[in-house]
Amino acid sequence: MPSASRSTHEHELELELESALTVLRRGGLIGLPTETVYGLAADAANEEAVRKIFVAKGRPADHPLIVHLADAAAIESWAEAIPPYAWRLAEAFWPGPMTLILPRRSHVLRVVTGGLDSVGLRIPSHPLAGRLLRAFGGGLAAPSANRFGKVSPTTAADVTRELGDRVDMVLDGGPCHVGLESTIVDATGEWPAILRPGAVTAEAIAELLGKAPIAPRLDAPRAPGRLASHYAPETRVDLAFGGTLGSRAMAALLAGLRVAVMAKSLPEELAADRLGGLAERLVHIPLPDELEEAARQLYNALRRVDCEGCDLALVELPGEAGIGAALADRLRKAAGQGAG
């Protein structure tokens with residue numbers, strides 16, 4: 001980019017950031033780009049502003065929010081009794097797609113924590129989010145910028161389509177690099193437990209700490225995205241197992257449904273020359289085999305299912321190593337089959 005164009009772009013960006021800061025400081029809501037998904041952000045120290053998040057999303061008041069911070073030095077302003085392993089995780093994976101659940105300090109608003117004595121903290125790695133947070137100088141409560149339970153937004157346009165005038169402005173930081181919500185790690189116990197899988201994988205945590213995360217406790221803190229049904233389009237999503245994708249799709253087509261198949265390629269029985277007139281009701285939505293790229297594209301694919309007017313979306317679960325665990329988690333919940 002020529003220097004004059006860079007200067008113009010930087011000036012426009014500064015104006016956008018100033019506008020966002022003005023909205024936040026007066027208690028409004030902004031669409032915030034992060035590396036995971038776009039968040040619906042408000043001043044985490046302003047109770048009235050935080051309550052607007054719940055109204056805009058239609059989110060139950062007992063669902064805690066994640067507080068986004070500029071740097072790890074701010075952790076101790078929000079949390080206490082921080083275990084040594086949590087500091088190691090923070091040093092290794094922040095800024096980045098990991099949320100730590102920690103005992104909250106007494107001043108942290110209970111509307112932020114869903115009434116819990118713990119708080120979720122994260123430092124996003126998106127450069128625009130970082131600049132805004134440093135300029136803001138406090139924490140931003142920012143769940144995903146979508147209606148509760150629906151598909152998370154990965155572009156600024158997604159936020160606008162989803163929330164419209166429920167959000168005061170949207171900072172456009174381009175498409176999200178990760179595309180799935182952060183890994184949520186319960187750090188309130190003697191050893192970490194993953195409450196929601198994400199791009200910071202169980203394998204990466206085990207390699208860092210020398211021991212794998214444990215299973216969540218029965219009394220683990222509530223955390224975002226743990227309902228059995230979540231991240232769901234309007235269209236019904238079903239999971240196909242054991243190579244049944246083609247036969248399941250064929251049966252649905254014969255039943256008169258408009259069917260989306262989310263896969264790298266279509267099974268042989270769904271080839272156009274075999275389907276004849278049924279092919280008009282089949283929509284192929286490619287998902288790559290490479291898991292990180294599939295994660296980036298997943299929510300766009302689920303949104304496309306609705307845009308195509310489908311009655312049913314069929315998809316096979318990926319292998320659950322690495323980020324595949326997060327992909328499988330989101331697909332199960334989109335199908336209403338999550339563990340909760």
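The values are calculated or read from the model by the stated rules, or taken from the named source; none is laboratory data. All values derive from a computational prediction rather than experimental measurement. So basically every Cβ, Gly included, is an ideal-geometry build from the backbone, and we count neighbours across all protein chains shown. Remember, those area values only see protein heavy atoms, side chains included, never the ligands or the DNA or RNA. Shrake-Rupley method; radii C 1.70, N 1.55, O 1.52, S 1.80 Å.
Quick look at the numbers
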{"item": "The range 249-264, residues that are open to solvent by 30 Å² or more (accessible area, probe 1.4 Å) and in contact with a strand residue (DSSP E or B) (Cβ under 8 Å, 6 or more places away or on another chain)", "result": "LEU257, ARG258"}
{"item": "Filter result for the condition that a residue is open to solvent by 30 Å² or more (accessible area, probe 1.4 Å) and under 21 Å from ALA145 (Cβ atoms), over ARG296, ARG236", "result": "ARG296"}
{"item": "Residues within the range 132-155 that are of a type outside the set (A, V, I, L, M), surrounded by fewer than 17 Cβ atoms within 10 Å (Cβ to Cβ) and assigned to a helix (DSSP H, G or I), tallied", "result": "1"}
{"item": "Odd one out for ALA215, checked against (1) open to solvent by 50 Å² or more (accessible area, probe 1.4 Å); (2) touching a Leu at 6+ places or on another chain (Cβ under 7 Å); (3) more than 25 Å from GLU290 (Cα to Cα)", "result": "(2)"}
{"item": "Cβ-Cβ under 6 Å pairs, at least 6 apart or on other chains, the range 97-123 side outside any loop (DSSP other than H, G, I, E, B), far side among the aromatic types (Phe, Trp, Tyr)", "result": "VAL119/TRP78; LEU121/TRP78"}
{"item": "The one condition in (1) surrounded by fewer than 24 Cβ atoms within 10 Å (Cβ to Cβ); (2) assigned to a helix (DSSP H, G or I) that HIS177 fails to fulfil", "result": "(2)"}
{"item": "Residues of the range 185-200 classified as under 13 Å from ALA325 (Cα atoms) and open to solvent by less than 20 Å² (accessible area, probe 1.4 Å), total", "result": "4"}
